[in-house]
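Trainee: Got a structure for you, questions after.
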Amino acid sequence: MPLCFVFTNLAATAIPRMFGERLTDTVAKVLNKPVEKITVVTQAGLPMVRAGSTDPAVLVQIHSIAVFDAEKNPKYSEQFLEFLKTEFNLPANRLMLEYVDLPAYMVCSGK
């Protein structure tokens, strides 16, 4: 049930077509989660400063249950950053990932 929130100062028109679907597939593969449980929300055109600059930037928060830890996160990051660099044609220093370990009792999804 990963929840993925994508924040960017890029205009909505600069978000690649089908980005949400491709991010869903990537999250499913990397975290070994079913596509049916993944939600992606993308917010574009936000006022954003990254490393003191308003150049194009992307922040992705991934909330999930019991998959994040110090050993696994670097492997996840490598795959997610490669995906984001390709999708947005941005250097790694303009991308940010935040992993949020979510307790199962904090999420409710319709069945």
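Every number here is computed from the coordinates shown, using simple stated rules; none is lab data. Note that this is a predicted model, so its numbers are computed, not measured. Quick reminder, even Gly has a Cβ in these numbers, built from the backbone with ideal geometry, and neighbours come from all protein chains shown.
Trainee: Hey, fewest Cβ within 10 Å first, where do Val35, Val40 land in order?
Mentor: The most exposed by this proxy come first: Val35, Val40.
Trainee: Here's a follow-up. Using θ = phi - 60° and the Karplus form 6.51 cos²θ - 1.76 cosθ + 1.60, what ³J(HN,Hα) does each residue of the range 61-71 get, whole Hz, x for Gly and Pro?
Mentor: Couplings: 9, 10, 9, 7, 9, 6, 10, 9, 6, 4, 7 Hz.
Trainee: How many times 2.2 N^0.38 Å is the alpha carbon radius of gyration of the chain?
Mentor: 1.06
Trainee: Determine the relative contact order of the range 3-106: mean sequence separation of Cα pairs under 8 Å and six or more apart, normalised by residue count, in whole percent.
Mentor: On the way: 148 pairs, mean separation 35.9, N = 104.
With pairs under 8 Å counted, the relative contact order is 35 percent.
Trainee: 5 Å is the cut-off here: which amide hydrogens, built 1.01 Å from N in the peptide plane, fall below it relative to Thr42, excluding neighbours closer than 5 in sequence?
Mentor: Those lying under 5 Å, H to H, from Thr42 are Val6.
Trainee: Sticking with this one: Quick one: helix 73-88 against the long Cα principal axis of the chain, what's the angle to the nearest 10°, folded into 0 to 90?
Mentor: For 73-88 against the chain, the angle is about 40 degrees.
Trainee: Quick one: of the DSSP bridges fully inside the chain, what percent are antiparallel, nearest 5?
Mentor: 35
Trainee: Oh, and also: I need Ser77, Ser109 ordered by Cβ neighbour count within 10 Å, fewest first.
Mentor: Least to most surrounded, the residues fall as Ser109, Ser77.
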